[in-house]
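All remarks here apply to the structure that follows.
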Amino acid sequence: MSTAPQTDGFAAADDQRDRLLAICEQLGRAAGQLGDNAEAIAEEAEIAKDDAFRVMFVGDFNRGKSTLVNSLLGEPVLPVKAVETTAVITYVKYREQRLARLWPTDTTAAPVEVDPKELGNRITVDTADPDKDNPYRLAEVFWRLELCRHNVVIVDSPGLNVHNSRDDITQTELRRADAVVFVQHAIASMSTAETQFLKNHLRAHDPFFVFTRFDDIDEDERATVMSDARARIAGVREKDTDADRTFFVDARGALRAKVAGDKARFVESGVEALEKAMETFLVRDRHRAKMLPRVNTLRGLAQELHRTVPQQLALLDVKSEDLARKWEEAQQPLRSLEKEAQQISAELANHRAMVEGRIESLLAEGLRAIAGEVQGIAVEAPVETTLTLVPWKVKERAENAATEIAQSTLNIVEERMVRWAEERLGPLVVREMEAVTKQLNTRLCTFEANLEKLRTALSGIARADSMTDSSEETPLLRFIGAVGGLAFGGLAGGLIGARFGPKEALRTLLPTLAIYTAWMFTPFGLPTLAGMLVVQALVQGKSGLSGVERKIRANVGAELAKQLRLKAPELARKVAGQLAEEHIEPIEEAVSTGMANRLAAVERSVREARQATESGAEEVDRRKAEYQEVDRTVRRAIRDLGDLVDELVVT
């Protein structure tokens, strides 16, 4: 029995990807014959082939993530327990033969291949020592799952809010996720921790909300439970647009149905509807976001090949001695171009350092401002622990109360920081990226013009016109495209056209900030401090329980504010460095490499033309026929890529 969703959508996406790979193969051969951009095209093809849809399952521990994934697999493959279980990220990928591959934390060690049945003994949390690091950093499960056949990788993550290092792993993976499945219990949906995670870490995503254990709820209460969960989500998301992305499922029943081959029961479980919704989202939204940058980059590379062919042909008509003379005369302009390229690279490096400094300064200012609000936040932070006058419980309750107040305060602080990042930090980075993009386009336009003068002087003719409307094709895009293999996401990608702008930008910006603010989840030893204060206050009899709680809140707030002020410079420096590394350095490297590649291509074309002319008329004729065939291949590829763009845009 197959309970997989209909694959019409995936089939269309697979067809477009296959056509793109076929075009890559044709262009790669043509570029190899022309001696230009072959490596860049090969890298684009490799990325297009391997750029899978990543569907990530997240949620607190014991919410049913692994059970839900098992229901898709059709067997209890991933370990499931009543306590925190998953210790490492697990990828589920397609393969005819079942296999599990474990990657050690020691990156020099070879991966270990095991039977998937052994995963329970290999990647689960040690219940005797939950803080003990697992010897593996990643598990891969290869399975004959129809969903994964269509370039989909399922990512099962460790439970949230239990261990900081495992939370960091989840945050890192979120940056790469195409779709997020947020798993919760239908019995107690949207806990405080889950609400904070949704607010602070999923703002840049449109997650699927999946509520498990729906079968445990009485039928006459299910409508109320569904309505309440959707209302809670709408309250957090500040919009009521997630109704079609909310699913109430019986994951255990779905797994039993898969094992038994019971199609009707699987449909009834609600998991099949989730599968279909994920397919629609991946094919309609994420496929387009992944394909268009690749198609546009390849079209730019093809245009470069097309414009180059006439000059390559013209060089073959220049006598060897004349070409040698022209090349000698070209040395001074060539050196000038090399110097110009070095100046552009230096300017870009200086701009990166300046932007990094501005981000650091603004972030430090924001952190200090938020630190000034912490004491007020601590006074109002919601907690559930209540104090007691029972002597043998005083210290324990005081420590619990201090911990909860600290954590609740930090949750609110983190939420405010994320909002601040959206409102202040994001716009600053956008403005700076717009400025560097404008500057680069101006400088590269001049560089291109000077390079074209050199090419024309050597060949005697100008390059061919573009076959398509190139009004939106900036010099920056052309230079980056000529490097190949670069997938710009985030703010940089949105601005240079490699992605779709603000939504894609937030997918990387906010997780970046979250990773570097993870230290705030540690309450700085406050439980012990606050507990001592409480005991002292009670012994001295200076205040009742309400007064003691006020003292705890005041001391917690004061200590957190102090720590935040102390940490602000370090945090600001780390985040600024990370943002510069992710959003500016790739452009810097691509532009420098692109300019170097352009200059090297000129020398290579002259060298090959001289070799052909010195070999005689027969070799010249052979090369001409080869270049003419290249031009026909490139023209077809440009038309086919244009068709793909049209299909993707109207999808």
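The values are calculated or read from the model by the stated rules, or taken from the named source; none is laboratory data. Nothing here was measured: the structure is a model prediction, and the numbers come from that model. Counting neighbours? That spans all protein chains shown, and the Cβs are built from the backbone with ideal geometry, glycine included. For accessibility, only protein heavy atoms count, side chains too; no ligands or nucleic acids. Shrake-Rupley method; radii C 1.70, N 1.55, O 1.52, S 1.80 Å.
Scanning region 25-56 for residues that are among the basic types (Lys, Arg) and surrounded by 16 or more Cβ atoms within 10 Å (Cβ to Cβ) yields one hit, Arg54. Taken as a whole, the condition of being modelled with pLDDT under 85 and closer than 20 Å to Lys562 by Cβ applies to Glu414.
I need the full set of residues from region 295-326 which are farther than 19 Å from Gln628 by Cα and open to solvent by less than 10 Å² (accessible area, probe 1.4 Å), in order please. Listed by number, the residues that qualify are Val295, Leu298, Leu323. Scanning region 599-615 turns up no residue that is in a helix (DSSP H, G or I) and within 28 Å of Arg286 (Cβ to Cβ). Any residue in region 427-438 that's farther than 21 Å from Ala346 by Cβ: show its pairings with residues that are modelled with pLDDT of 80 or more and part of a helix (DSSP H, G or I) at Cβ separation under 6 Å, as long as the two are six or more apart or on different chains. Every condition considered, the pairs that remain are Leu428/Leu362. Could you tell me whether Ala609 is crowded, with 16+ Cβ neighbours inside 10 Å, under 33 Å from the mean Cα position of the chain (by Cα) and among the small types (Gly, Ala, Ser)? Against the criterion (crowded, with 16+ Cβ neighbours inside 10 Å, under 33 Å from the mean Cα position of the chain (by Cα) and among the small types (Gly, Ala, Ser)), Ala609 does not qualify. All of (1) under 29 Å from Val383 (Cβ atoms); (2) out of contact with any helix residue (DSSP H, G or I) (no Cβ under 6 Å at 6 or more places or on another chain); (3) modelled with pLDDT under 80 hold for Ala188 with one exception: (3). Within region 420-431, the only residue that satisfies the criterion of being basic (Lys, Arg) and either in contact with a helix residue (DSSP H, G or I) (Cβ under 7 Å, 6 or more places away or on another chain) or within 17 Å of Leu571 (Cα to Cα) (or both) is Arg424. When Ala353, Ala369 are checked against the criterion of being farther than 29 Å from Ile412 by Cβ, at pLDDT 90 or above and assigned by the TED database to the domain that holds Glu581, Ala353 stands alone in meeting it. The set of residues from region 413-445 being touching a Pro at 6+ places or on another chain (Cβ under 9 Å) and of a type in the set (Val, Ile, Thr) comprises Val430, Thr442. In region 261-295, the residue that is farthest from Lys49 (Cα to Cα) out of those that are out of contact with any helix residue (DSSP H, G or I) (no Cβ under 9 Å at 6 or more places or on another chain) and not basic (Lys, Arg) is Gly261.
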